[in-house]
Amino acid sequence: MKYTVAIVAIAFASLAIAVNGAPATAGQQEAQVVRYDSDVQPEGYKFAVETSDGKSHQEEGQLKHVGTDHEAIAVRGFYTYLGDDGQTYTVNYVADENGYQPEGEHLPRAVQ
């Protein structure tokens, strides 16, 4: 049950970040939500949001090892935004017991 509450909190926090982002500066209009889908279940969630300024964010999370001492949440998703340079950027990510792992063409890659 405690993880169900955590899942709902994470879903809404992620949505708030995706929708609100940085505050509008002079000359910019505030973005409006043009699409929002959400499905919250006892052992997982997923959502998708798109805004009028071209941002989009999709994410889903699932509980792993339910009912054990190793219960954890694994999250997978992506977000897309239009940069100040006019380019569209996409970040794909996983967040799990190994931490937050973003990937994108514009992000540096770890040397292995």
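The values are calculated or read from the model by the stated rules, or taken from the named source; none is laboratory data. Since the structure is predicted, the reported quantities are computational estimates derived from the model, not experimental observations. Backbone-built Cβ (ideal geometry, glycine too); neighbour counts: all protein chains shown. To get the accessible areas, we keep the full protein, side chains included, count just its heavy atoms, and leave off ligands, DNA and RNA. Shrake-Rupley method; radii C 1.70, N 1.55, O 1.52, S 1.80 Å.
Observations, loosely collected:
- Condition check for I73: modelled with pLDDT under 55 and under 20 Å from G99 (Cβ atoms): no
- Qualifying positions in the stretch 38-71 - aliphatic (A, V, I, L, M) and either under 17 Å from the mean Cα position of the chain (by Cα) or surrounded by 19 or more Cβ atoms within 10 Å (Cβ to Cβ) (or both): V40, A48, V49, L63
- Those residues of the stretch 72-92 which are open to solvent by 70 Å² or more (accessible area, probe 1.4 Å), in contact (Cβ under 8 Å) with a residue 60 or more places away in the chain and touching a Leu at 6+ places or on another chain (Cβ under 8 Å), in sequence order: none
- Set G61, G67, G54: member being under 17 Å from E97 (Cβ atoms) and modelled with pLDDT under 95: G67
- Near pairs, Cβ below 9 angstrom, 6+ apart or cross-chain, from the stretch 93-112 (at pLDDT below 90) to any residue that is of a type in the set (D, E): R109/E103
- Scanning the stretch 26-34 finds one or more residues that are open to solvent by less than 60 Å² (accessible area, probe 1.4 Å) and either modelled with pLDDT of 95 or more or over 27 Å from I73 (Cα atoms) (or both).
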